[in-house]
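Participant: Below are the structure tokens for one structure; questions will follow.
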Amino acid sequence: MSDLTEKDAQYVANTYSRAPIEVAYGKGSIITDRYGKECIDLGSGIAVNSFGIADEEWISAVTAQLQKVQHASNLYYTEPCVLLAEALCKRTGMKKVFFGNSGAEANECAIKTARKYAAEHKDASYYTIITLKNSFHWRTITTLAATGQDVFHQSFTPLTEGFVYADANDLEGVRKLVSENKVAGIMMECVQGEGGVHVMDESFVKGIAEICRTEDIIFIVDEVQTGNGRCGELYAYMTYGVTPDIVTTAKGLGGRLPIGACMFGEKTESVLRAGDHGSTFGGNPAAAAGALNIISRIDDALLSEVKAKGEYIVRELSGAKGVAEVTGKGLILGVKPVRPLNDVINDCFAAGLICLTAKDKVRLLPALNIPFDTLKKAVSILKEVLGRDLP
Ligand SMILES: Cc1ncc(COP(=O)(O)O)c(C=O)c1O
């Protein structure tokens, strides 16, 4: 144990099983640890560092704002928050944005909005939210209830009531739940990230959008992990040609600093009114200035690059020795190894490559702008590790 890991064990709450990597600094997609070891980073701080580490443009945008005003509270107007909301609405066609600090907060806001809409347009007994099994909408008592995985519920009951779960890609199952419950909203990820990088079928996503339209149910898409360019469009729902009533996002939007956004479409833009919701730090000027810089750089050229890099990884790894399956979209990819997952992750690290896991898969979430030569090197390390010692 090093001095740092010892102190971590002594003082930091025991909620994470950390990998043995003591991150000191980095540049782009290269992380350097406290002992000078360099690794290629295919995790991006779990899809946060959209443009890698120590990204000059983003640092300039944030520091320029830090010189002016760092926090003002939401009692007053600040330029970055307004300009970011405008940029998000113009790029998505959504109408209004609520800013918080995290994905969980964005999802809480979405759930409150769906329930309020139902209470005002039907009645307050229409409070049920349908989510999908294997989803992960996060750790607060309500977003945990939204998460369709029993394993995370244990020890924390009673959770917020009013959540039921459908099987992913089972439209008939969703229809049945709609007929059996008084439903306010349907909430889903287009690619279940933490749940093992499962991509939703086009017919399923389109079917849900249609059910929501005909039944006047709020269609919520959780783009916390899939959004902000990661799937090859600004938001993953765009790859399905649907229009959600609410889109939640965080992670890559902040690009490094915490920000969460709950975007409202036509049907939901006026549901929340003054006093209904809030966040002290939400829309913080420095975080918003950084996010505005990030959003402005996710253009068509970058999105094509994301698609091309994703296709390259899939091409290289599909059918490769030691690879049982490759799933995902753009630059959120899951690789199911034949060898034990932990051995693969540890061997990758020893060989200078940082990868994540999701259920039984190696999860790859590289920076959107990872240089092609760095990506090629990373994929060749991963390929060698996946196939190591196999006949
Ligand atoms: C799909 C999804 N929703 C919500 C969250 C929660 O985000 P945060 O940790 O910013 O609250 C996550 C985090 O990984 C996520 O992947």
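Participant: Using Cβ-Cβ distances only, list the Cys residues of the chain with no partner cysteine under 4.7 Å, sorted by number.
Facilitator: So far as the 4.7 Å Cβ criterion goes, CYS39, CYS81, CYS89, CYS190, CYS212, CYS231, CYS348, CYS355 stand without a partner in the chain.
Participant: In deg cm²/dmol and to the nearest 500, what is the mean residue ellipticity at 222 nm of the chain if only DSSP H runs of at least 4 residues count, each as -39500 (n - 2.57), divided by the residue total?
Facilitator: Numbers: 13 runs with 150 residues, N = 391.
Roughly -12000 deg cm²/dmol at 222 nm, from the helical runs in the chain.
Participant: Of the beta bridges DSSP finds with both residues in the chain, what % are antiparallel, to the nearest 5?
Facilitator: Taking every DSSP beta bridge within the chain, about 65 percent pair in antiparallel fashion.
Participant: Filter the trypsin sites (Lys or Arg not before Pro) in the range 1-39 to those in DSSP coil with at most 16 other Cβ atoms within 10 Å of their Cβ, and list the result.
Facilitator: Hits after loop and neighbour filter: ARG18, ARG34, LYS37.
Participant: When only Cα pairs under 8 Å and 6 or more residues apart are kept, what is the percent relative contact order across the range 182-270? Please list the in-between numbers first.
Facilitator: Details: 143 pairs, mean separation 21.8, N = 89.
RCO, the range 182-270: 25 percent.
Participant: For the chain, what does the relative contact order come out to in percent, with C-alpha contacts under 8 Å and a separation of six or more?
Facilitator: Numbers: 783 pairs, mean separation 87.6, N = 391.
Normalised by residue count, the contact order of the chain is 22 percent.
Participant: Only residues of the range 213-250 count here: report those whose backbone N is under 19 Å from the spot 7 Å along Cα→Cβ of ALA301, or say none.
Facilitator: 229-230, 232-234
Participant: For the range 57-297, just the Cα set please: Rg and Dmax, both in angstrom.
Facilitator: Radius of gyration, then largest Cα-Cα span, for the range 57-297: 17.3, 55 Å.
Participant: Same structure, new question: What is the order of SER2, SER155, fewest Cβ neighbours within 10 Å to most?
Facilitator: SER155, SER2
Participant: Right, another one. What's the longest piece of the chain with no exposed chymotrypsin sites (Phe, Trp or Tyr not before Pro), counting a site as exposed if DSSP puts it in a loop and it has at most 12 other beta carbons within 10 Å?
Facilitator: For chymotrypsin sites (Phe, Trp or Tyr not before Pro) (loop position, at most 12 other Cβ atoms within 10 Å), the longest site-free span of the chain is 157-391.
Participant: Which trypsin sites (Lys or Arg not before Pro) in the range 289-340 pass both tests, a DSSP loop state and at most 14 other beta-carbon atoms within 10 Å?
Facilitator: Here the trypsin sites (Lys or Arg not before Pro) that fit, given the DSSP loop and packing criteria, are LYS321.
Participant: Over the range 242-297, what is the mean sequence separation of C-alpha contacts under 8 Å (at least six apart), divided by residue count, expressed as relative contact order in percent?
Facilitator: On the way: 52 pairs, mean separation 21.6, N = 56.
Averaging sequence separation for qualifying contacts and normalising by length gives 39 percent for the range 242-297.
Participant: What is the fewest-to-most order of THR5, THR214 by other Cβ atoms lying within 10 Å of their Cβ?
Facilitator: Ordered by Cβ neighbours within 10 Å, fewest first: THR214, THR5.
Participant: Can you tell me which lysines have their Cα less than 26 Å from the Cα of LYS336? Leave out same-chain residues fewer than eight positions away.
Facilitator: By straight Cα distance, LYS336 reaches LYS133, LYS251, LYS307, LYS309, LYS321, LYS359, LYS361, LYS376, LYS377, LYS383.
Participant: To continue, here is another question. Given R₀ = 45 Å, FRET efficiency for LYS376-VAL164 by Cβ-Cβ distance, to 0.05?
Facilitator: 0.50
Participant: In nm, to one decimal, how far is the GLN154 label point from the ARG339 one, both placed 7 Å along Cα→Cβ?
Facilitator: With each label point 7 Å from Cα toward Cβ, the separation is 3.0 nm.
Participant: Once you list every other residue whose beta carbon is under 14 Å from the beta carbon of ALA85, what net charge do they have if Lys and Arg are +1 and Asp and Glu are -1?
Facilitator: Numbers: positive: LYS90, ARG91, LYS95, LYS96; negative: GLU79, GLU86, GLU269.
So the surrounding residues net to +1.
Participant: While we're on this one: Quick one: if you take sqrt(5λ) for each eigenvalue of the C-alpha gyration tensor of the range 21-122, what semi-axes come out, biggest first, whole angstrom?
Facilitator: The answer is 34, 20, 13 Å, longest axis first.
Participant: For GLU22, list long-range residues whose amide hydrogen, built 1.01 Å from N in the peptide plane, is under 5 Å from its own amide hydrogen.
Facilitator: ARG34
Any read-out appearing in this document is the output of simple, stated calculations on the displayed coordinates, not a laboratory observation. Nothing here was measured: the structure is a model prediction, and the numbers come from that model. Note: ideal-geometry Cβ built from the backbone for every residue, glycine included; neighbour counts use all protein chains shown.
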